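Working notes, beginning with the structure itself.
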Amino acid sequence: MICRRRILKLLYVLFFFVSCAVVYNSYTKKQTQAPYCLGTRKQPWLPPDVCQDIKNTIAISEVKKFNPDELIEQVEDLQSCQWTGNATALRAVRSELHKCCDAVRNLLVTQENTHIGDNITYETQKHKHIEVTEEIHKMFPKTSLFSNKPIRSCVVVGNGGILLNSCCGSEIDQADYVFRFNLPPMNFANDTGTKTNLVTANPSIVTERYARLHERRRPFMDLVKTFEPAPILMAAFSYPSTTDVIFKVFYTLEEFGSKQAVIYFHPNYLTNLGLYWKTKGLAGQHISSGFIIVSMALEICDKVTLYGFWPFDEDTDGNPIPHHYYDNRLPKLGIHSMPSEFFFYSQMHSKGILKLKVGRCF
């Protein structure tokens, strides 16, 4: 009897210490977050009928007639509305995008869809071509990265200043697949997360920050390694003037023994996607890389959530914010139509096609 009591007492003590360890572990995990991320949501949800009115207003609006100030107010209100995905609406958009563009087969230049001896026509200069030599052909992946089986949940992380102090990092990292843009700084984990499955890179980064990789190759590789093992997606066949420097990215990674792949947008996919969105009323010389990746994600993902997409210089409360979460470098004017693209994001959010997250994540 005494022995039994001792065993029970030991089990009780053991249970006590295990419980304390679990509580402590949970507590210390929270402490790794920035202090501003330790709060909880305080703003109440809006009534369903009010939310439906807002969604209907955005859904029937036209991109050529929308008022940016009104849209900002509506999107802010939508953040206080419960979001529900609409599988039927998503399937309809996915079907249209598949017919026009087919991201699974055509997003990338691969050894399957492009052969030695083929001529690739540049996206922006249709009169110029590049012949696919054996050496160039070896740069292409054998097949597409994606399959016809949709990815369960995808997150597309824009670089907008709206991400600062958002505390969205943990939400972002819960997704099955995370897209990022332009090799962004990754030292804002509380706000942007740490997970990356695919990252784009503009040739301007290589040219302006890393001397076209004639020099500064080691610092470039240090940056690239922060995204391992995510492949780097670039537009080698959009402008003839940037093909060489983009190929240098491939050779630099190869020289340093990196296992990361450099992959390339297919110019035909970019052309067809641009034509598709023009039929929907989207203006601008070119659609942005963000809009390209969001369009692609709608084809290959069952749920798409956007963070960091906000083309305005003030947040929803009217406070000034930088253009990017890591700097305030402004884009060149006239190339993209960011407010119009954002209008489509908000419209698709209203229809349950994708989820647009703006502001704090609690």
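The values are calculated or read from the model by the stated rules, or taken from the named source; none is laboratory data. On a predicted model such as this, the values are computed, not experimentally measured, just so you know. Glycine gets a Cβ as well: all are built from the backbone with ideal geometry, and neighbour counts include every protein chain shown. Areas reflect the complete protein model, heavy atoms only, side chains present, ligands, DNA and RNA absent. Shrake-Rupley method; radii C 1.70, N 1.55, O 1.52, S 1.80 Å.
Yes or no: Cys168 modelled with pLDDT of 95 or more, surrounded by 16 or more Cβ atoms within 10 Å (Cβ to Cβ) and within 12 Å of the chain's Cα centre (by Cα)? Answer is no for this residue.
Each row is one residue, and each column tells you yes or no for (1) over 15 Å from the mean Cα position of the chain (by Cα); (2) surrounded by fewer than 19 Cβ atoms within 10 Å (Cβ to Cβ); (3) under 24 Å from Ser61 (Cα atoms); (4) at pLDDT 95 or above.
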{"position": "Ser295", "(1), (2), (3), (4)": "no, no, yes, yes"}
{"position": "Trp310", "(1), (2), (3), (4)": "no, no, yes, yes"}
{"position": "Asp315", "(1), (2), (3), (4)": "yes, no, yes, no"}
{"position": "Asn319", "(1), (2), (3), (4)": "yes, yes, no, no"}
{"position": "Pro322", "(1), (2), (3), (4)": "yes, yes, no, yes"}
{"position": "Leu330", "(1), (2), (3), (4)": "yes, yes, no, no"}
{"position": "Gly334", "(1), (2), (3), (4)": "yes, yes, yes, no"}
{"position": "Ser340", "(1), (2), (3), (4)": "yes, no, yes, no"}
{"position": "Ser346", "(1), (2), (3), (4)": "yes, no, yes, yes"}
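Which is more than 19 Å from Phe256 (Cα to Cα), touching a helix residue (DSSP H, G or I) at 6+ places or on another chain (Cβ under 8 Å) and at pLDDT below 95, of Asn190, Asn182, Asn148? The conditions single out Asn148. Just wondering, is there one or more residues in segment 232-239 that are modelled with pLDDT of 95 or more and open to solvent by 50 Å² or more (accessible area, probe 1.4 Å)? Taking every residue of segment 232-239 in turn, at least one turns out to be modelled with pLDDT of 95 or more and open to solvent by 50 Å² or more (accessible area, probe 1.4 Å). Residue check: is Val104 in a strand (DSSP E or B) and open to solvent by less than 40 Å² (accessible area, probe 1.4 Å)? So Val104 does not fit the description; no. The one condition from (1) among the aliphatic types (A, V, I, L, M); (2) at pLDDT below 50; (3) part of a loop (DSSP other than H, G, I, E, B) that Val23 does not meet is (3). Please tell me if Asp77 is under 17 Å from Ala59 (Cβ atoms) and of a type in the set (D, E, K, R). Judged against the criteria, Asp77 is a match.
If I ask for residues that are part of a loop (DSSP other than H, G, I, E, B), under 17 Å from Val304 (Cβ atoms) and touching a helix residue (DSSP H, G or I) at 6+ places or on another chain (Cβ under 7 Å), which ones from segment 157-176 would you list?
As a first pass, look at segment 157-176 and keep what is part of a loop (DSSP other than H, G, I, E, B): 158-159, 164-168, 174-176.
Now restrict to residues that are under 17 Å from Val304 (Cβ atoms): 158, 168, 174-176.
The answer is Gly158, Cys168.
Within segment 118-127, the set of residues being in contact (Cβ under 8 Å) with a residue 24 or more places away in the chain and either surrounded by 15 or more Cβ atoms within 10 Å (Cβ to Cβ) or assigned to a strand (DSSP E or B) (or both) comprises Ile120, Thr121, Tyr122, Glu123, Thr124.
Restricting the first member to segment 205-223 and to residues that are free of Cβ contacts under 8 Å to residues at least 24 places away in the same chain, and the second to residues that are in a helix (DSSP H, G or I) and of a type in the set (Phe, Trp, Tyr), the beta-carbon pairs closer than 7 Å and six or more apart or on different chains are Tyr210/Phe220.
Picking from residues in segment 56-99 that are outside any loop (DSSP other than H, G, I, E, B) and of a type in the set (Ser, Thr, Tyr), the one that is nearest to Leu275 (Cα to Cα) is Ser95.
Being on the phi < 0 side of the Ramachandran plot, in contact with a Ser or Thr (Cβ under 6 Å, 6 or more places away or on another chain) and open to solvent by less than 60 Å² (accessible area, probe 1.4 Å) is a condition met by no residue of segment 204-225. Against the conditions (1) among the aliphatic types (A, V, I, L, M); (2) at pLDDT 95 or above; (3) over 18 Å from His266 (Cβ atoms); (4) open to solvent by 40 Å² or more (accessible area, probe 1.4 Å), Ile60 satisfies every one except (2).
When every residue of segment 240-248 is checked against the conditions, none turns out to be farther than 14 Å from Tyr122 by Cβ, open to solvent by 30 Å² or more (accessible area, probe 1.4 Å), touching a residue at least 40 places away in the same chain (Cβ under 8 Å) and in contact with a strand residue (DSSP E or B) (Cβ under 8 Å, 6 or more places away or on another chain). Going by the conditions given, is Arg41 modelled with pLDDT under 65 and either part of a loop (DSSP other than H, G, I, E, B) or closer than 28 Å to Ile292 by Cβ (or both)? For Arg41, the condition - modelled with pLDDT under 65 and either part of a loop (DSSP other than H, G, I, E, B) or closer than 28 Å to Ile292 by Cβ (or both) - is met.
Put simply, of Tyr210, Tyr239 the only residue that is over 24 Å from Asn106 (Cβ atoms) and more than 16 Å from the chain's Cα centre (by Cα) is Tyr210. Here Cys154 fulfils each of the conditions (1) loosely packed, with under 13 Cβ neighbours inside 10 Å; (2) at pLDDT 95 or above apart from (1).
Taking segment 130-156 as the search range and keeping residues that are over 20 Å from Phe250 (Cβ atoms) and not in a loop (DSSP other than H, G, I, E, B), which one is farthest from the chain's Cα centre (by Cα)? The qualifying residue farthest from the chain's Cα centre (by Cα) is Ile151. Working carefully through the options Phe265, Phe291, find the one that is over 27 Å from Ala87 (Cβ atoms) and either touching a strand residue (DSSP E or B) at 6+ places or on another chain (Cβ under 8 Å) or modelled with pLDDT of 95 or more (or both). Exactly one residue qualifies, and that residue is Phe265.
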